[in-house]
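Encoded as structure tokens, the structure appears first; notes follow it.
Derivation of every value follows stated rules applied to the coordinates shown; laboratory data play no part. Predicted model, so just to flag it, every value in this text is computed and none were measured. Here Cβ is always computed from backbone atoms with ideal geometry, including for glycine, and neighbour counts include all displayed protein chains.
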Amino acid sequence: MSMTKCRNNLPLLAALLGCVAAVQAQVPTAPSAPSATAPTALHLGPATCASSVCHGRANQIEGTQVMQNEYRVWTREDAHSRAYNTLLNERSKAIAQRLGLSDAASAKVCLDCHADHVPEAARGEQFQLSDGVGCEACHGGAGEWIKSHAERDVAHADNIAKGLARTEDPAVRAQLCLSCHYGTAEKFAGHELMAAGHPRLSFELATYTANQPAHYQVDADYLQRKGNRANASIWAQGLIASVRAQLTLIQSARFGGNGVFPELAFFDCHACHHPMNELRWSPLPLHQGLAPGAIRLNDGNLALLVALAETLSPVRGAAIERAGNALHRASQQDLAAVRGKAAALQSELDSLQTEVAARTFAEADLRQLRSLLLSRATVGRFADFVAAEQAFLAVETLSLELGDEPKLRKRLNRWFNTVENENHFDRHQFANQAGQLAAALK
């Protein structure tokens, strides 16, 4: 078992286990997954996949393109299958009560997050909301491709054209996951929902992919039909998609919030939620020009994106860092300013996204990026919990890709202990353990 697989109690995974905002993200320029709400995309329900001659066998079989036990893996091991049932527990009932909702299991704001909540006109005879986040929530409504996808003479591209989601593509997968783990202007787990008790949302594509119970095999047949996707590429494309989703929402009406305050979920939670006897302000490059006590936008992913861009091109990395700093400073001005700078930063990501999607990361690239992340962690560049959490996951993913994770496991475990609980995060301990890991690699 990989080390990443063992991080089941990492705070960011609480959003998955507690379930999250299952809504359709808007990630510009990324290939689009089928719209779950399109009336023509008929959703038939997981029961249509449950036959023992399809995906419902008790055990995996060999020698075929599919494992054929995918339905059982989903029902027994995958938290998505329990998403709707989460709405029936005491925590969800308490959240609903605080929000003035009569019942979490029937409220649209909850069903949009915890079920494949398509319009009634798009529901087949065996479709049930109580199935939670089922097969078609990720793979697209099966009405058009349910028959053809099992035929050997039908190409994968033909099924894609009929609405099957291209989840093997990291950009599509990131868009799909962010639709659950971040949100859109229409459906978003904002500060009000979190204040009522909903888990803090967080996302990292490579780790989420690794922690999902596998219902496919990357074998010769898979590689021939769908291509190879290295973990480093999955991580990088997920990182870019995360920042793009945030910037898209900042430019939407959602950012404006209600009354005097903007939507606080866009800001760094831990800028406010920390003991008053600890001064955390520091003039990091992204925060130049901000006064002590300024409430910063949540820039954990952006801080790592700067490092990724710098590894590929120091000039591009510097440009993204300048644009990120401009966004921070604009957030202290007015809505028009912050939305304008969000659009400017988003344009900086266009060419980076294209390059990363086409790039095969060499070993030297991965080692350089890991070294840069550890160096910045050691000197306190990831002093906020979210940035620290993301930095750890990135270094672990890169170590797995480089094949030296086994010899680093004990040191990685000690470093992981510093981000295991956000309520006990100590930035000095985090930096110290990062320094020890960096020294071990020299």
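What's the angle, to the nearest 10 degrees (0 to 90), between helix 335-358's Cα axis and the longest principal axis of the chain?
Approximately 60 degrees, to the nearest ten.
So how many Lys-Lys pairs in the chain land under 24 Å Cα to Cα, not counting same-chain pairs under 8 apart?
Eligible lysine pairs with Cα atoms under 24 Å apart amount to 12.
What is the magnitude of the charge dipole of the chain about its Cα centre, with +1 placed on the Cβ of each Lys and Arg, -1 on the Cβ of each Asp and Glu, and no other charges, expressed in debye to the nearest 20?
Working: 42 positive and 44 negative charges, 178 e Å.
With Lys and Arg at +1 and Asp and Glu at -1, about 860 debye.
So between A343 and R152, what do we pick up on full extension, going 0.36 nm a residue minus the alpha carbon distance?
Numbers: separation 191, 0.36 × 191 = 68.76 nm, distance 4.50 nm.
Length difference between fully extended and current span is 64.3 nm.
As I understand it, the dipole of the chain uses +1 on the Cβ of Lys and Arg and -1 on the Cβ of Asp and Glu, about the Cα centre. Which of S252, L193, Q429 lies farthest toward its positive end?
Q429
Can you list the HN-Hα couplings for the stretch 95-100, worked out from phi with the Karplus curve (6.51, -1.76, 1.60; θ = phi - 60°), rounded to whole Hz and with x for Gly and Pro?
Karplus values, whole Hz, x for Gly and Pro: 4, 4, 5, 5, 8, x.
How far is helix 405-417 tilted off the main Cα axis of the chain, in degrees rounded to 10, range 0 to 90?
That works out to roughly 70 degrees.
On a full-extension model of 0.36 nm per residue, what is the gain between S351 and A230, subtracting their alpha-carbon distance, rounded to one decimal in nm? Before the final figure, lay out each step's value.
On the way: separation 121, 0.36 × 121 = 43.56 nm, distance 2.03 nm.
Here the answer is 41.5 nm.
What list do you get for L400, L87, L372 if you sort them by fewest beta carbons within 10 Å? Walk me through the numbers on the way to the answer.
Numbers: L400 22, L87 25, L372 17.
Ranked by crowding around the Cβ, least crowded first: L372, L400, L87.
Give the calculated FRET efficiency between A336 and I61 to the nearest 0.05, with a Förster radius of 60 Å applied to their Cβ-Cβ distance. Could the numbers behind the result be given before it?
On the way: r = 59 Å, r/R0 = 0.98.
The value I calculate is 0.55.
Using 7 Å Cα-to-Cβ label points, what is the R359/S106 separation (nm, one decimal)?
So the two model labels end up 5.2 nm from each other.
Per the helix-only calculation at 222 nm, which mean residue ellipticity applies to the chain, given -39500 (n - 2.57) for every DSSP H run of n ≥ 4 and division by its residues, nearest 500 deg cm²/dmol? Don't jump to the answer; show the numbers that get you there.
Details: 20 runs with 213 residues, N = 442.
It comes out at -14500 deg cm²/dmol, rounded to the nearest 500.
For Cα extents along the principal axes in Å, which listed value, (i) 60, 52, 38; (ii) 61, 47, 45; (iii) 110, 51, 36, comes from the coordinates shown?
(i)
Using a/c under 1.5 as the rounded threshold, could you call the stretch 232-440 rounded, prolate or oblate? The axes a ≥ b ≥ c are square roots of the C-alpha gyration tensor eigenvalues, and prolate needs a/b larger than b/c, oblate otherwise. Write down the numbers at each step before the final one.
On the way: a/c = 2.07, a/b = 1.27, b/c = 1.63.
Oblate is the answer for the stretch 232-440, as a/c is 1.5 or above yet b/c matches or exceeds a/b.
Say the dipole of the stretch 304-442 comes from +1 at the beta carbon of Lys and Arg and -1 at that of Asp and Glu; which of A394, A326, S371 then lies farthest toward its positive end?
Highest projection toward the positive end goes to S371.
Quick one: check the C-alpha center-to-center distance for the stretch 188-221 versus the stretch 384-442, whole angstrom.
Using only Cα atoms, the two centres lie 20 Å from each other.
Only Lys, Arg, Asp and Glu count, each charged at its Cβ (+1, +1, -1, -1), so figure out the dipole size of the stretch 232-440 about its Cα centre, rounded to 20 debye.
Working: 20 positive and 21 negative charges, 49 e Å.
With only Lys, Arg, Asp and Glu charged at Cβ, the dipole is about 240 debye.
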